[in-house]
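K.L.:
Quick one: structure below, then a few questions.
Every number here is computed from the coordinates shown, using simple stated rules; none is lab data. From a predicted model like this one, the values you see are computed outputs, not experimental measurements. Backbone-built Cβ (ideal geometry, glycine too); neighbour counts: all protein chains shown.
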Amino acid sequence: MTIFIASFARPSKHSLKPPPSGPKAAAVSLFEQQNGSGKNSLTPGATTEHEQIFASHTPPAVEDDVNHLTESEAHSPAWGSTSSFYQPSPQASFSASPSVLKHQEPTVQVKEPLRETTTGEVRLSSTFPKDRRFSHNRRVSFSKIDWTVVKAEQGYLGDKVWVGTLGMPTDALAAPTKASIAEKLKDEYGSSTVYVSDADFDGHYTHFCKTILWPVFHYQIPDNPKNKAYEDHSWIYYVKINQAFAEQIAKEWKRGDSIWVQDYHLLLVPAMLRRMIPDAQIGFFLHIAFPSSEVFRCLAPRKELLEGMLGSNLIGFQTDEYCRHFLQTCSRILSVEATNEGLQLEDRFVNVGTFPIGIDPSSWDKRRQAADVEQWIRTISGRYEGKRLIVSRDKIDQVRGIRQKLLSYELFLNTYPEWRDQVVLIQVATSTTEQPELEAMVSDIAMRINSTHSTLAHQPLVFLKQDLAFSQYLALISVADALMITSLREGMNLTSHEFVYCQDGRYGTKAHGSLILSEFTGSASVFGNHALLVNPWDYRQCAEAIYVALTRGEEKRRQVWTELYGAVLQNSTANWVKSFSEALSTVWNEQSSREMMAVPRLSVSKVIETYSQSCSRLIIVDYEGTLASWGSPRSTILTTPHRAITALTDLTEDSRNMIYVMSSRMPEELEQLFRRVSGLGLIAENGCFVREPHMDEWLQLTDEAQTNSWMEGVRQVLDYYQDRAEGTWIEQRHCSFVFHHGSAEDSAAAVRLASECAGHINDACHGVHATPTDGALVVEPADVNKASATELVWRTLLDKGRKGGRSDRPDFLLVVGDNREDEPVFRWANRLEASKVIEYAMTVTLGSRSTEAKATLTQGVSGVLACLEKLAAPA
């Protein structure tokens, strides 16, 4: 089996490198204008040159040391060494057209076609000159460059194919060059290249992914005209790139292969693939946070994005919180039923689960053996001898919380002046997009801190607007006394995992440093209270966390680090890959068995043969849609077909039979419907009430006091939504409500209100569950259903047999139903037979949908009655 791993701009975990050439050119930010640019610039307000030790990356003892990208910065998809992965700049040669009406015509913009990077690689600039002749010459020159492929470390999966773009401009490459690159990646490295135009790439990545999706997924709603234009305009590019990925995967997919789609760049790919290859095994994993429904609903293409993800068999998130947000969002926006396991769609089930990502300890052990790591540790330790080091490493953007961190550090220095000469905060800051206002603000805070608290020999803040060589980074987190992460919203922050792993005291460094971690990161759910969890907006709390981290005793630090270290090992990359792969295989097999094409038609003759040979039988049949056709829910005259009454009467007359009818109707309604059938067991209100055969009293499975309590609150919620939608009405039962909106004047608005109502009830009301159905919203107890009622019936039968001195139990079980409410009963009955508790159990469903039933009856109600009549005939 081949595993297709689709990840945007990461096709192969290999690097395409041309020989260095061209002038060095880079955009200059406001921060750099104020404080100098390049790797030799000093921190604003600097009083020492201690930080200059980070300006040089020499000696380059091993190849990894020229690489600046660590696993924490690019952990998607995190199979092996992302620090070995370094591609030319993922920017378009041409910017996407700014016109909403022109999606096919890229505009030609500014300046330099080539620039040399600090690693000796040549990258295309994001813009080209307006002189098309000069641009053409540069394109020809670029297309003639000799490219090489540098292999990265291998990941954990065996037979795999990476699918992705090159992450660099490709319009300038000649067709033969493109073909040779794709061929080499495919033949030698198991990678399938997706070629897209530079304008499409830029419109997809820079405009839609980074300008629209990234902020929204991190609770920053774009609310200015520029962002709105980007959203309307760049959606076309987002769809095109996703379609290109889907077509490339479908072209190479073979039966038995599985597909694993990575991250928010490719949200539409699963549904596109589902349409192309309906029976494919498709998994999707989101590497960033998923926001609450109130935030996600602000996206214009919200339905398209959700439906795209729901093409998967399994959708994975990093934390339970993100899972819950996704389920609630789908329930509210798409009006689908959400359960703890996933989402019940009209024709199939989509599983949703939590799979925390982490680092690869074995790979890190190898990296820590680099020749100059120990030398850098000695250099940094010597330079900051006698000081307490707090380390941070973030990108400069609104999400990472650098401003909040610096303000908290400033408050700490003001609150605890005795620490001013003893502590140094080393902030490593990398910039991916220009945010001049934020950079200027950070510069002002850094200047103020150093101007206020520095001496000629001591500088409390070192602000490095650069990334570090890997050996420098590894040495820094090894010698640090604390790591401080103040992200305002973030998925897994793997810098924190890397810090914990390197705090084991190797190389004689100080061990067991403290971790100060934002509670709004996914890593907070992994480390729990063993980290110093903080609210980044609470500067006082953050300042106190710094004080606690610096004053903790050695035993306490060791104890806390041991717990953190265990969490890092438990949530490793290998475990992440293994758990997701196994879960995908399991749910796909389960879902495939439920597909109607895989469920055979009921062999009535086989059922009759087994029935006639059995000694004790239990038959459970649903009422609405199974024994009788659905009627008007307002109907006051309830009737059961005479044919059904006759068949049930004949079956109950056989002493070997125990017959139950289950329904959503109230007990008194069922009594009226089946008063002519003596010896019939009844299950009312979808399992809330049970009446045994030949008994007059009903057993209530719910706690009456609790039921009355939640029903009062739910009724108020339902009344509120009923007032907002003309034509809706509320049906109140003993233990449940039905909010009917099928006859509303504005049906579309009523559906939206019902979905919003379901989310409101599921979020706010404990112990109940609101489920959208066709034309109605059903609100019932969460811990009681038809399966819990049938389980009680089964236990009662066994208890009566033991009390009567009989050891026999039913050896024949037949369950017949027609809708989602009957699925738990099918599951219960199937498990009885699978565990050998009963010799024969047959579960039968009507209709055409995915099901856990073993067989189908296509003749509807008449088919059910005919089957029951044939069973009764031998008696």
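K.L.:
For VAL423, which sequence-distant residues (separation of 5 or more, or a different chain) have an amide H within less than 5 Å of its own amide H, given hydrogens modelled in the peptide plane?
P.N.:
Sorted by chain and number, the residues that satisfy this are ARG388.
K.L.:
Same structure, new question: Roughly speaking, what is the centre-to-centre gap between the stretch 732-762 and the stretch 365-433 when only Cα atoms are used, to the nearest Å?
P.N.:
54 Å
K.L.:
Sort 332-339, 45-52 by packing, meaning the average of other beta carbons within 10 Å per residue, with the highest value first.
P.N.:
332-339, 45-52
K.L.:
Could I ask something else about it? Under the rule of at least 5 residues apart or a separate chain, name every residue whose amide H is placed under 5 Å from the amide H of LEU345.
P.N.:
VAL350
K.L.:
I've got another one for you. Tell me, what ³J(HN,Hα) does each residue in the stretch 516-531 have, in order and in whole Hz, if you take phi through Karplus 6.51 cos²θ - 1.76 cosθ + 1.60 with θ = phi - 60° and put x for Gly and Pro?
P.N.:
With coefficients 6.51, -1.76 and 1.60, one gets 9, 9, 5, 6, 9, 9, x, 5, 4, 6, 7, 8, x, 6, 6, 8 Hz.
K.L.:
³J(HN,Hα) across the stretch 248-255 via Karplus (A = 6.51, B = -1.76, C = 1.60, θ = phi - 60°), whole Hz, x for Gly/Pro?
P.N.:
5, 5, 4, 5, 9, 5, 10, 4
K.L.:
Whose amide H sits under 5 Å from the amide H of TRP260, counting only residues 5 or more places off or on another chain, with H placed in the peptide plane?
P.N.:
Here the answer is PHE4, ILE5, ALA6, GLY283, since their amide H atoms fall under 5 Å of that of TRP260.
K.L.:
Give the Debye-formula value of log10 I(q)/I(0) at each listed q (0.12, 0.13 Å⁻¹), with one equal scatterer per alpha carbon of the stretch 361-571, two decimals each.
P.N.:
-0.58, -0.69
K.L.:
Ok, one more. Of TYR322, TYR840, TYR238, how do they rank once you tally other Cβ atoms within 10 Å and put the fewest first?
P.N.:
Least crowded to most crowded, the residues run TYR840, TYR322, TYR238.
K.L.:
Continuing with this model, one more query. Compare the peptides 603-615, 861-873, 522-534, 244-256 by average per-residue count of other Cβ atoms within 10 angstrom and give them in order, highest first.
P.N.:
522-534, 861-873, 244-256, 603-615
K.L.:
What order, most packed first, do the peptides 184-190, 676-682, 564-570, 513-519 have when packing is the mean number of other Cβ atoms within 10 Å of each residue?
P.N.:
Answer by packing, highest mean first, reads 513-519, 676-682, 564-570, 184-190.
K.L.:
Over all directions, average the projected area of the Cα convex hull of the stretch 704-781 and note it in nm².
P.N.:
Projected area, direction-averaged: 4.3 nm².
K.L.:
Work out from phi, with θ = phi - 60° and the Karplus expression 6.51 cos²θ - 1.76 cosθ + 1.60, the ³J(HN,Hα) of each residue of the stretch 752-765, listed in order in whole Hz, and give x for Gly and Pro.
P.N.:
Along the stretch 752-765, the couplings run 4, 5, 5, 5, 5, 5, 4, x, 4, 5, 5, 7, 9, 10 Hz.
K.L.:
Just report the Cα centroid separation between the stretch 539-601 and the stretch 434-466, whole Å.
P.N.:
The stretch 539-601 and the stretch 434-466 have Cα centres spaced 35 Å from each other.
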